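Written below as structure tokens is the structure these notes are about.
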2 protein chains.
Amino acid sequence: MMKVGIYGNGNAAWTLGQALKSKSEIQLSVSARDPEKGSALANELGVDFIPESEVETSGLDVLILAISDGAIAPTAASFDLVDTLLVHTSGPTPMDVLYNGSEKVGVFYPLQTMSKGKDTDFSQVPFLLESDTEDGLTLLKKLATLLSSDIREMSSVKRLALHASAVFVNNFTNHINAIATDICAKYNVPFDLLHPLIDKTAEVAKSGQASESQTGPAVRKDRITMMAHQSILSPSENEIYRLLSEHIQNRHETEL
Amino acid sequence: MMKVGIYGNGNAAWTLGQALKSKSEIQLSVSARDPEKGSALANELGVDFIPESEVETSGLDVLILAISDGAIAPTAASFDLVDTLLVHTSGPTPMDVLYNGSEKVGVFYPLQTMSKGKDTDFSQVPFLLESDTEDGLTLLKKLATLLSSDIREMSSVKRLALHASAVFVNNFTNHINAIATDICAKYNVPFDLLHPLIDKTAEVAKSGQASESQTGPAVRKDRITMMAHQSILSPSENEIYRLLSEHIQNRHETEL
């Protein structure tokens, strides 16, 4: 029986709690800075609540910090654990920040957004694991195996690179798509005309051939079309248009 | 019987020629600046070749300039047509540039990439039409109806806005995806981990909710994560990271 504590009361704590509570291999408990909210989550999950002051003597095998990225380092520093493996669930946060809180540390990162109240099927979600010891890694693998069939080891720097890449393919692309939506709305053009192109763009991205597949006026150095586009864009849209066009040209000049 | 001439010998001329040659309502011919290449395409399609010097006396109802964007204005200016409707097939090019070549002008723009040697099924492809007269529009609708069930009128400025939007959702997004591919390659991270996120991004874009769905460190003002990302990016990647993050923050500050 593995004694697992989840620390937190937000989206990630709720979602991981839901997924772990019924596993017979696990004795789950909840801790949190705020005892009221922590007890509420423990009640909701039907598991024990461990007050923060008792975490160190509770004999947990693993304590999962399921809290916001910025809270991880200060929260870890408030513990002084010896035999409990202290892990976080964050993509961009290095494992090292946990050493202030325990002698044994690791990362238990499910590559998925999690929302409270929305059951997450983790069975296909990649779990990216890291630990400084074989024992720690074995423990995390055992835990992840209960939830998913896709388990991978990944160092903090690789996980950070993955997270930065995710910012590009999701957050930045999303902003670019929002601008296109604005332009169509401003000129009363049906945005659905672009749907096939959006699908095609995603398909090319997944093939890994985005760079080789670059098209458009920038890579063609079609200045007339670029000037025509710029004439209808807002100053803010133009700033992005110019920078990205310049980068596309630089990239493809270097390659030629 | 509609007498239709295609002017050009490249991808668009070949593809439109293939689609139009067998329509019984049409008598198709080919013209081109280069008589050798033009005759070759006419032969390939099994239709007549009309030398450039004879276009004006050939009694064509429509002459379709299926040539590169930059060639449209100078090519149009080399004609002096009266009864022939002169049209181009370009997204970003205004209709006006054709007035130097004919008294009757229009646009016949299939929203699709066309490649020589690859038959294009136009049946679901939107044809965006424009003409300055009802007669011209009627003629273009008749022609488009032979190829597609999706026919829409669109002004030059709207078509330009659509084309600029396409540059954002395809060309710029593609460049952003190429950068993500680079980052993963540099840190030896499996890019396929990002496939679900790429699909999700496209799905959100098609819902028209990109702006409302913005997530990530920039919109959260998570400076620690942004600095961590920037520490592993190249100078060129950082320039894009900074600009897009700044624009995401500005957009969402204004909205709050």
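The values are calculated or read from the model by the stated rules, or taken from the named source; none is laboratory data. Computed from a predicted structure; not experimentally measured. As a convention, Cβ positions derive from the backbone with ideal geometry for all residues, glycine included, and neighbour counts pool all protein chains shown.
Tell me which of these A:Ser156 doesn't satisfy, since it passes every other one: (1) surrounded by fewer than 23 Cβ atoms within 10 Å (Cβ to Cβ); (2) at the interface with chain B (Cβ under 7 Å from one of its Cβ atoms); (3) in contact (Cβ under 8 Å) with a residue 40 or more places away in the chain.
In the conditions (1) surrounded by fewer than 23 Cβ atoms within 10 Å (Cβ to Cβ); (2) at the interface with chain B (Cβ under 7 Å from one of its Cβ atoms); (3) in contact (Cβ under 8 Å) with a residue 40 or more places away in the chain, A:Ser156 misses (2) alone.
Within the stretch A:115-149, can you find the residues that are of a type outside the set (Lys, Arg), in contact with a Gly (Cβ under 9 Å, 6 or more places away or on another chain) and either in the same structural domain as A:Ala164 (by TED's automatic domain parsing) or part of a loop (DSSP other than H, G, I, E, B) (or both)?
A:Asp132, A:Thr133
Determine if the stretch A:127-142 includes at least one residue that is touching a Pro at 6+ places or on another chain (Cβ under 6 Å), among the aliphatic types (A, V, I, L, M) and within 13 Å of chain B (Cβ to nearest Cβ).
No; the residues of the stretch A:127-142 include none that is touching a Pro at 6+ places or on another chain (Cβ under 6 Å), among the aliphatic types (A, V, I, L, M) and within 13 Å of chain B (Cβ to nearest Cβ).
Go through (1) within 18 Å of A:Tyr241 (Cα to Cα); (2) out of contact with any Cys (no Cβ under 6 Å at 6 or more places or on another chain); (3) not acidic (Asp, Glu) and name the single condition B:Ser165 misses.
Condition (2) is where B:Ser165 drops out.
Answer with yes or no whether A:Glu253 is more than 9 Å from chain B (Cβ to nearest Cβ), surrounded by fewer than 20 Cβ atoms within 10 Å (Cβ to Cβ) and over 30 Å from A:Thr120 (Cα atoms).
Spelling it out, A:Glu253 is indeed more than 9 Å from chain B (Cβ to nearest Cβ), surrounded by fewer than 20 Cβ atoms within 10 Å (Cβ to Cβ) and over 30 Å from A:Thr120 (Cα atoms).
Show the residue pairs meeting these rules: Cβ distance below 7 Å; 6+ apart or different chains; first residue within the stretch A:205-219 and touching a residue at least 60 places away in the same chain (Cβ under 8 Å) and facing chain B (nearest Cβ under 7 Å); second residue surrounded by 16 or more Cβ atoms within 10 Å (Cβ to Cβ) and not β-branched (Val, Ile, Thr).
Pairs that qualify, where the first residue is touching a residue at least 60 places away in the same chain (Cβ under 8 Å) and facing chain B (nearest Cβ under 7 Å) and the partner is surrounded by 16 or more Cβ atoms within 10 Å (Cβ to Cβ) and not β-branched (Val, Ile, Thr): there are none.
Mind checking which residues of the stretch B:1-44 are without any contact (Cβ under 8 Å) to a residue 24 or more places away in the chain and within 13 Å of B:Leu146 (Cβ to Cβ)?
Scanning the stretch B:1-44 gives B:Ser22, B:Ser24.
Checking the structure you have, find out if any residue of the stretch B:216-233 is over 18 Å from A:Thr113 (Cβ atoms) and within 30 Å of the chain's Cα centre (by Cα).
No, every residue in the stretch B:216-233 fails to be over 18 Å from A:Thr113 (Cβ atoms) and within 30 Å of the chain's Cα centre (by Cα).
Going by the structure shown, is A:Asp150 within 14 Å of chain B (Cβ to nearest Cβ) and either surrounded by fewer than 23 Cβ atoms within 10 Å (Cβ to Cβ) or basic (Lys, Arg) (or both)? Full working, then the answer.
Working: within 14 Å of chain B (Cβ to nearest Cβ): yes; either surrounded by fewer than 23 Cβ atoms within 10 Å (Cβ to Cβ) or basic (Lys, Arg) (or both): yes.
So A:Asp150 passes the test.
Checking the structure you have, find out if any residue of the stretch B:81-90 is touching a strand residue (DSSP E or B) at 6+ places or on another chain (Cβ under 7 Å), among the β-branched types (Val, Ile, Thr) and either surrounded by fewer than 21 Cβ atoms within 10 Å (Cβ to Cβ) or farther than 18 Å from B:Ala32 by Cβ (or both).
Checked against the condition, which is being touching a strand residue (DSSP E or B) at 6+ places or on another chain (Cβ under 7 Å), among the β-branched types (Val, Ile, Thr) and either surrounded by fewer than 21 Cβ atoms within 10 Å (Cβ to Cβ) or farther than 18 Å from B:Ala32 by Cβ (or both), the stretch B:81-90 yields at least one hit.
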